[in-house]
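What follows is a short report on a single structure.
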Amino acid sequence: MINLENIRLRAIESSDSRFYYNWVNNAETNQWRGLYPPTSEAAAQKWVDDQAATTMTAEISDRFSLAVEIGPDTGCFEHVGFIGLRGICSRSRRAELWIYLGDKWAWNKGVGKEAVRGLCQFAFEEMNLHRLWLECDPEHQGGVRCYQKAGFVEEGRLRQAYFRRGQFRDTIMMGLLKPDWEARKTR
Ligand SMILES: CC(C)(COP(=O)(O)OP(=O)(O)OC[C@H]1O[C@@H](n2cnc3c(N)ncnc32)[C@H](O)[C@@H]1OP(=O)(O)O)[C@@H](O)C(=O)NCCC(=O)NCCS
């Protein structure tokens, strides 16, 4: 469990699919992501079980995923999304970070910012990774701002890399290095 100020990041349980099924079938929730066709309960369950399996042993392999929960103030936690690392490379000590807050009620309340910062801290200070990176649509202001707040900077732009909402769209590559993370902490 990664306990933060207003949220916590916990291991995923099989029962988390009851929320995920509704989230993944909501077009607005997925508007900045890949293609998500109508998804069955069985397919949603399979995805959640697959993510849960990434934390079933003490060893972290090439990826791991966590559930995002808010509400430690009241002692009653509410599951609002998922976050994770994938493509973890032990030699180059890098990984891709992803986040998916499926519960729209939780948007724009600082949850994404805190979750991304919390996972970065775990990645750099516990896993000893050196570089985190991600891709984001430059027009996805909530995403870009959220990553910038954790210290991610734009490193490049892939032109017309994704077909989304009827057109080919650019994507920006963003990265954060451990030394830059540490420098921000001491500031
Ligand atoms: C993108 C996402 C992670 C952002 O998390 P969030 O909790 O909504 O964002 P936060 O409340 O932490 O806000 C972070 C910053 O972005 C700003 N922001 C949030 N939503 C915004 C919006 N729609 N437009 C402009 N700025 C926005 C906030 O004001 C904040 O900046 P500030 O600290 O300067 O005030 C979350 O909305 C989400 O998971 N959405 C659905 C899935 C998705 O898009 N995943 C990412 C794909 S790249």
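The values are calculated or read from the model by the stated rules, or taken from the named source; none is laboratory data. Remember, predicted model here, so these are calculated numbers, not experimental data. All Cβ positions, glycine included, derive from the backbone under ideal geometry; neighbour counts span all protein chains shown. For the accessible areas, the whole protein counts, side chains as well, though only heavy atoms, and no ligand, DNA or RNA atoms are used. Shrake-Rupley method; radii C 1.70, N 1.55, O 1.52, S 1.80 Å.
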Query raised in the report: Per residue, what volume in Å³ does the Cα convex hull of the stretch 2-186 take up?
Result: 123 Å³
Query - Protection proxy ranking of 169-181, 1-13 - average other beta-carbon atoms within 10 Å, highest first - result: 169-181, 1-13
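I want the local charge near Trp32. Using Cβ-Cβ distances under 15 Å, sum +1 for each Lys or Arg and -1 for each Asp or Glu among the other residues.
+1
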**Report entry** Solvent-accessible heavy-atom area per residue, rounded to whole Å², over the stretch 2-186 at 1.4 Å
**Finding:** 55 Å²
Report summary line: In terms of the charge dipole of the stretch 1-102, which places +1 on Lys and Arg and -1 on Asp and Glu at the beta carbon, the residue among Met56, Ile88, Leu9 farthest towards the positive end is Ile88
Report summary line: Whole-percent carbon and sulfur contribution to the accessible surface of the stretch 2-186 (1.4 Å, no ligands, DNA or RNA) stands at 48 percent
Query - Size of charge dipole - the chain - debye, nearest 20, with Cβ of Lys, Arg +1 and Asp, Glu -1, no other charges - result: 620 debye
Report task. Give the residue from Ile99, Ala123, Gln160 lying farthest towards the positive end of the charge dipole for the chain; charges sit on Cβ (+1 for Lys and Arg, -1 for Asp and Glu) and the dipole is referred to the Cα centre. Result -> Gln160
Query - All lysines inside 21 Å of Lys109 as judged from Cα atoms, apart from same-chain residues fewer than 8 positions distant - result: Lys149
